[in-house]
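A short write-up of the structure that comes next.
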Ligand code: DQA
């Protein structure tokens with residue numbers, strides 16, 4: 001199965017950015033963990049700080065043979081109707097991942113436009129959330 005792993009703004013600095021909230025692992029570490037934990041799967045990794053680039057990625061995925069998407073929209077979760085529409089228009093199962101527990105943080109993080117059109121949401125379990133999302137999407141759960 002083919003799984004796309006998309007990460008939104010500021011996650012390029014994962015591992016260095018607020019490690020007390022987001023932990024010490026980098027996106028590269030997460031990619032290595034996904035590949036070694038699920039050798040049978042094919043992963044495609046994409047990170048962008050730009051909302052439109054993430055929208056473009058969803059329209060590409062909509063026309064592809066990918067089976068699902070692991071998506072951490074980061075701050076765009078809380079603001080982006082465009083990404084919400086991109087997900088619902090793509091017709092692919094999306095599992096939204098938040099490294100931190102957004103529900104225990106500021107009120108503006110409690111609502112997610114993108115979660116409303118996602119198959120499932122994992123929040124607060126650190127970077128293991130990506131592995132749990134892959135497990136779910138690969139139908140192993
Ligand atoms: C985040 C939570 C968001 O509220 C925040 O804007 C992020 C990261 C997380 O993974 O915990 O950038 O998506």
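Bear in mind these aren't lab numbers, they're just calculated from the coordinates by the rules spelled out. The structure presented is a predicted model; accordingly, all values stated were derived computationally and were not measured. A quick note on method: Cβ atoms are made from the backbone with ideal geometry, for glycine too, and the neighbour counts reach across all protein chains shown.
Packing, as the average of other Cβ atoms within 10 Å across residues, places the peptides 113-119, 94-100 in the order 94-100, 113-119, highest first. Compared with the alpha-carbon gap, the fully stretched path from residue 75 to residue 132 is longer by 18.4 nm at 0.36 nm per residue.
Computed over segment 2-137, relative contact order equals 28 percent, with contacts defined as Cα pairs under 8 Å that lie 6+ residues apart.
Extension gain, residue 20 to residue 85: 0.36 nm times the residue separation minus the Cα-Cα distance gives 20.1 nm. If R0 is 35 Å, the Cβ-Cβ spacing of residue 37 and residue 107 corresponds to a FRET efficiency of close to 0.50.
Every helix of 4 or more DSSP H residues in the chain counts as -39500 (n - 2.57), and over all residues that averages to -9500 deg cm²/dmol at 222 nm.
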